[in-house]
Amino acid sequence: MYICNCNALTDKQISAAVAGGADRPREVYAACGCKAQCGCCTGTILAMVREGGAARAG
Ligand code: FES
């Protein structure tokens with residue numbers, strides 16, 4: 001499922017970036033080799049980062 005239409009990032013790519021240690025939306029974009037464009041997806045990515053961080057913290 002596409003989360004970021006501007007950069008064609010899927011939930012799987014974002015989850016992989018979070019699992020790889022990205023703990024801010026900016027780091028998720030960087031890990032995927034892109035940057036925020038319109039910013040519409042930032043809230044969703046932030047939620048995924050928080051969930052991923054909580055999961056890593058146990
Ligand atoms: S949808 Fe992600 S930057 Fe526009």
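Per-structure values
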{"quantity": "Nearest-0.05 FRET efficiency for residue 42 and residue 16, computed from C-beta distance (R0 22 Å)", "calculated": "0.75"}
{"quantity": "Taking segment 2-57 and dividing mean pair separation by its residue count, relative contact order in percent (alpha carbons under 8 Å, at least six apart)", "calculated": "38 percent"}
{"quantity": "Modelled label reach - residue 55, point 7 Å along Cα→Cβ, segment 1-20 residues with backbone N closer than 17 Å", "calculated": "1-4, 10-20"}
{"quantity": "Crossing angle, helix 42-57 versus the chain [Cα axis fit, 0-90 degrees, rounded to tens]", "calculated": "20 degrees"}
{"quantity": "Shape box of the chain [Cα atoms, principal axes, largest first, Å]", "calculated": "32, 18, 18"}
{"quantity": "Mean ellipticity per residue at 222 nm, deg cm²/dmol - from DSSP H runs of n ≥ 4 across the chain, formula -39500 (n - 2.57)", "calculated": "-16500 deg cm²/dmol"}
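Read the figures in this text as sums done on the coordinates, not as results from a lab. A quick note: this is a predicted structure, and the numbers were derived from the prediction, not measured. For neighbour counting, all protein chains shown are included, and Cβ atoms are generated from backbone atoms with ideal geometry for every residue, glycine included.
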